[in-house]
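Step one of this worksheet: look at the structure below.
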Amino acid sequence: MDLVCLEQKEFADYIPYIDQGVLEEINYLAGELKGKRVAMINATSFGGGVAEKLYALIPLLKDLGLQVDWWVLEGSCEYFQVTKLFHNALQGQEGSLSDTEIEIYRRNSALNAAHMKNWDYDFIVCHDPQPAALIDLCNGLRQRARWIWRCHIDTSSPNPEYWDFLYHYIRQYDAAIFTMRDYVSAEAALPQLTLITPSIDPLSSKNRMIEPEEAAAMIRRFGVEQDRPLIVQVSRFDPWKDPLGVIEAYKMVKKEFPSVQLVLVGSMATDDPEGWDHLYHTLRRAGEDYDIKVVTNFNGITNTEVNAFQTAADIVLQKSLREGFGLTVAEALWKGTPVIGGNVGGIRLQIEDGVNGYLVDTVEQCADRILTLLRNPALAHDFADLGREKVRREFLVTHNVLAYLRLLQKLQFRPQAHSSAH
Ligand code: UDP
């Protein structure tokens with residue numbers, strides 16, 4: 001496993017965003033947990049929402065006095081292919097778990113567990129299915145530390161075979177965090193079930209305020225014209241994000257609004273081997289239409305450019321068919337850009353249909369809502385104010401800091417939930 005290097009952040013810089021009562025509770029809990037050692041483990045430090053959330057959260061927990069390390073799993077390409085299957089299956093994709101997949105998953109988990117022999121942490125937080133089995137492979141550490149499993153996926157209707165396999169591990173944890181109650185099956189007997197919505201860092205290079213002119217200047221080099229309407233979707237190339245549906249909706253809009261431009265911004269995450277196939281598929285669907293741009297980290301897209309695209313867009317789409325949370329929605333709302341999101345998962349927590357954005361179920365509906373917003377700039381303006389305030393109240397990283405501190409505090413005084421599941 002590899003340790004991730006993190007930039008330093010100062011909690012004091014975030015105080016202007018926090019209500020007094022929340023600030024007092026954070027300071028109290030941080031005092032109680034001072035010096036506690038926490039390991040966060042996930043599959044990648046680049047691309048996708050989990051990495052984004054950890055970059056935002058961990059430096060603040062450290063500045064508040066906890067000793068937090070972020071570890072990234074090692075694994076063969078076939079291991080990440082298998083864990084991507086787990087991810088898809090937990091989101092409901094059909095298919096059967098093969099003995100070979102189980103063997104690859106267990107073998108790579110054991111290789112990672114071997115790195116943990118001399119670990120000495122008070123809390124170990126495993127994110128998503130990739131590290132879930134580690135608890136079963138670290139005997140001594142299982143007794144010494146409190147273990148938390150954090151699920152970032154929409155598991156409201158998982159493929160039962162994959163869920164049952166993972167459940168064997170998950171039920172051994174001392175606590176399980178999900179984004180929404182709907183994601184937890186009624187039959188699952190999970191100890192210390194905790195609901196935490198993800199959040200964004202308002203001061204990061206991705207979310208700090210930039211002027212519209214600065215944003216427009218930054219995206220010009222990707223061939224985007226400033227005086228024409230711009231629709232943007234920022235997401236991995238993944239069928240659940242429905243990039244092909246986005247292109248179809250754009251084509252419908254284009255017939256009535258010929259000047260419209262579409263940019264699909266996507267990163268190629270290291271734990272997502274399918275991403276390239278989906279990128280090529282998306283490029284084929286875009287075809288010869290030069291008003292569709294597809295740009296990635298390989299064209300120089302960093303957090304700053306993502307910020308610029310989300311700021312400069314007239315409309316941000318997140319037309320997902322399944323979505324654990326959808327950080328890109330909070331990111332765009334925070335910038336005052338109107339968002340149209342798929343009517344699924346965590347997007348529904350962020351967008352109140354017709355109040356601060358639109359929720360859509362079909363390509364046609366998506367095209368229709370784009371046209372409504374392009375024709376009514378005043379409506380877009382109203383959405384912007386309400387969207388930004390919603391994010392300030394519910395989805396800034398300071399809320400996550402408080403939620404994690406509350407959980408760690410609860411766990412440190414609780415007897416372990418399962419010393420053994422066997
Ligand atoms: N992201 C990025 N560059 C890209 C595509 C995505 O930085 O080209 C970021 C995006 O801004 C967001 C995260 O990756 O912070 C995606 O998180 P989300 O919850 O929307 O989806 P996930 O990838 O976790 O399914």
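The values are calculated or read from the model by the stated rules, or taken from the named source; none is laboratory data. Predicted model, so just to flag it, every value in this text is computed and none were measured. Glycine gets a Cβ as well: all are built from the backbone with ideal geometry, and neighbour counts include every protein chain shown. Just the protein is used for accessible areas: all its heavy atoms, side chains included, with ligands, DNA and RNA removed. Shrake-Rupley method; radii C 1.70, N 1.55, O 1.52, S 1.80 Å.
When Asn118, Asn27, Asn88 are checked against the criterion of being modelled with pLDDT under 95 and more than 29 Å from Arg236 (Cα to Cα), Asn118 stands alone in meeting it.
Let's see how each residue does on (1) open to solvent by 40 Å² or more (accessible area, probe 1.4 Å); (2) of a type outside the set (Lys, Arg); (3) part of a loop (DSSP other than H, G, I, E, B):
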{"site": "Tyr358", "(1), (2), (3)": "no, yes, no"}
{"site": "Ala384", "(1), (2), (3)": "no, yes, no"}
{"site": "Arg388", "(1), (2), (3)": "yes, no, no"}
{"site": "Arg406", "(1), (2), (3)": "yes, no, no"}
{"site": "Gln409", "(1), (2), (3)": "no, yes, no"}
{"site": "Arg414", "(1), (2), (3)": "yes, no, yes"}
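Within segment 196-222, residues that are within 13 Å of Lys53 (Cα to Cα) have Cβ atoms under 8 Å from residues that are outside any helix (DSSP H, G or I) and open to solvent by 40 Å² or more (accessible area, probe 1.4 Å) in these pairs: Pro202/Arg208, counting only partners at least 6 apart in sequence or on another chain.
When segment 238-261 is limited to residues that are touching a residue at least 60 places away in the same chain (Cβ under 8 Å) and small (Gly, Ala, Ser), the one that is nearest to the ligand (Cβ to nearest atom) turns out to be Gly245. Just one of the listed residues (Ala145, Ala133) is surrounded by 21 or more Cβ atoms within 10 Å (Cβ to Cβ), out of contact with any Leu (no Cβ under 9 Å at 6 or more places or on another chain) and over 24 Å from Arg348 (Cβ atoms), namely Ala145. Taken over segment 204-250, the criterion of being surrounded by 22 or more Cβ atoms within 10 Å (Cβ to Cβ), at pLDDT 95 or above and among the acidic types (Asp, Glu) is satisfied by Asp242 alone. Among residues that are without any contact (Cβ under 8 Å) to a residue 60 or more places away in the chain and not in a helix (DSSP H, G or I), Leu264 is included. Across segment 385-411, the number of residues qualifying as in contact with a Leu (Cβ under 8 Å, 6 or more places away or on another chain) and of a type in the set (A, V, I, L, M) comes to 6.
Restricted to segment 267-292, and to residues there that are assigned to a helix (DSSP H, G or I), touching a helix residue (DSSP H, G or I) at 6+ places or on another chain (Cβ under 8 Å) and closer than 28 Å to Asp128 by Cβ, the residue that is farthest from the ligand (Cβ to nearest atom) is His281. Just so you know, in segment 35-66 the residues that are part of a strand (DSSP E or B) and either modelled with pLDDT under 95 or of a type outside the set (A, V, I, L, M, F, W, C) (or both) include one that is farthest from the ligand (Cβ to nearest atom), and it is Arg37.
Among the residues of this structure, Pro158 does not count as one that is in a loop (DSSP other than H, G, I, E, B), open to solvent by less than 20 Å² (accessible area, probe 1.4 Å) and within 28 Å of Gly326 (Cβ to Cβ).
From Ile351, Ile347, Ile315, grab the single residue that is within 20 Å of Pro212 (Cα to Cα), at pLDDT 95 or above, among the β-branched types (Val, Ile, Thr) and surrounded by 24 or more Cβ atoms within 10 Å (Cβ to Cβ). Write out each step before concluding.
Numbers: Ile351 fails: within 20 Å of Pro212 (Cα to Cα); Ile347 fails: within 20 Å of Pro212 (Cα to Cα).
That would be Ile315, the only listed residue that is within 20 Å of Pro212 (Cα to Cα), at pLDDT 95 or above, among the β-branched types (Val, Ile, Thr) and surrounded by 24 or more Cβ atoms within 10 Å (Cβ to Cβ).
Within the option set Glu74, Glu78, Glu101, Glu94, being part of a helix (DSSP H, G or I) and open to solvent by 40 Å² or more (accessible area, probe 1.4 Å) holds for one residue only, Glu78. When each of Val295, Val306 is tested for being in a strand (DSSP E or B), within 9 Å of the ligand (Cβ to nearest atom) and surrounded by fewer than 24 Cβ atoms within 10 Å (Cβ to Cβ), the lone residue that passes is Val295. Scanning segment 277-290 for residues that are in contact (Cβ under 8 Å) with a residue 24 or more places away in the chain and either among the basic types (Lys, Arg) or buried (at least 18 other Cβ atoms within 10 Å of the Cβ) (or both) yields His278, Leu279, Thr282, Arg285, Ala286.
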